[in-house]
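Reviewing the structure listed below.
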């Protein structure tokens, strides 16, 4: 089993919730992959587990990080 944790600093809980919600549709029905997101006061926390090849996990992790980066940049622009 391969595991990773991602911790993203945010200005507030609302932004944390939005980041977690922004990647929820991608987490449905993916065989062997478990992604859990949790919104904290000033942090969005993600825990990933995968039971497959490391190359697939790295690609999935890269995709998740890109989605989170895009969501965070969008939220920052909307907030300003």
Matching label, Kirkwood radius over Cα pairs in Å computed from the structure shown, candidates (i) 13.7; (ii) 15.6; (iii) 12.9: (iii)
Ranked 76, 55, criterion: other C-beta atoms within 10 Å, fewest first: 55, 76
In nm, spacing of pseudo-spin labels at residue 55 and residue 74 (7 Å Cα→C-beta vector): 3.1
Rounded tilt (10° steps) of 13-22 against the dominant C-alpha axis of the chain: 40
Two-site label geometry, residue 12 and residue 34: point separation in nm, points 7 Å out along Cα→Cβ: 3.4
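We did not get these values from a lab; they are worked out from the coordinates using the rules stated. Because the structure is predicted, anything quoted here is derived from the model rather than measured. Please note: Cβ atoms are built from the backbone with ideal geometry, for glycine as well, and neighbour counts cover all protein chains shown.
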